[in-house]
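This report concerns only the one structure given below.
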Amino acid sequence: MNNCYKVLFPRSFRLLEELERGEKGIGDGTVSYGMDDADDVYMQSWTGTIIGPSNVCFLKIFSILIRQLHVYIRS
């Protein structure tokens, strides 16, 4: 007998997982992100940093501000 159950994780669990990944850095460490405000219980405001390639003559470090909606997209 093959029983299949679909488990939906709360939005906060998914965002906590994303936060952990982002704070550690992704891949070679050129992309990182984390909470903009540690007291934000809804986890809506994030900051990110992207370090560009070293062989260019323009700005190499980019900072971004990410706003998360209350509705989290389910995949």
message: Give all pairs with beta carbons closer than 6 Å in which a residue from the range 6-19 that is modelled with pLDDT of 65 or more meets a residue that is not β-branched (Val, Ile, Thr); count only pairs at least 6 apart in sequence or on separate chains.
response: 11/72; 15/43
task: Starting from the range 37-61, take each residue that is over 23 Å from residue 21 (Cβ atoms) and touching a residue at least 60 places away in the same chain (Cβ under 8 Å) and list its partners that are open to solvent by 100 Å² or more (accessible area, probe 1.4 Å) and part of a loop (DSSP other than H, G, I, E, B), counting only C-beta distances under 9 angstrom and pairs at least six apart or across chains.
output: none
message: Looking at (1) at pLDDT 85 or above; (2) surrounded by 10 or more Cβ atoms within 10 Å (Cβ to Cβ); (3) of a type in the set (Val, Ile, Thr), which one does residue 61 not meet, given that it meets all the others?
response: (2)
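The values are calculated or read from the model by the stated rules, or taken from the named source; none is laboratory data. Predicted, not measured: the structure shown is a model, and the values here were computed from it. A quick note on method: Cβ atoms are made from the backbone with ideal geometry, for glycine too, and the neighbour counts reach across all protein chains shown. These area figures cover heavy atoms from the full protein model, side chains too; ligands, DNA and RNA do not enter into them. Shrake-Rupley method; radii C 1.70, N 1.55, O 1.52, S 1.80 Å.
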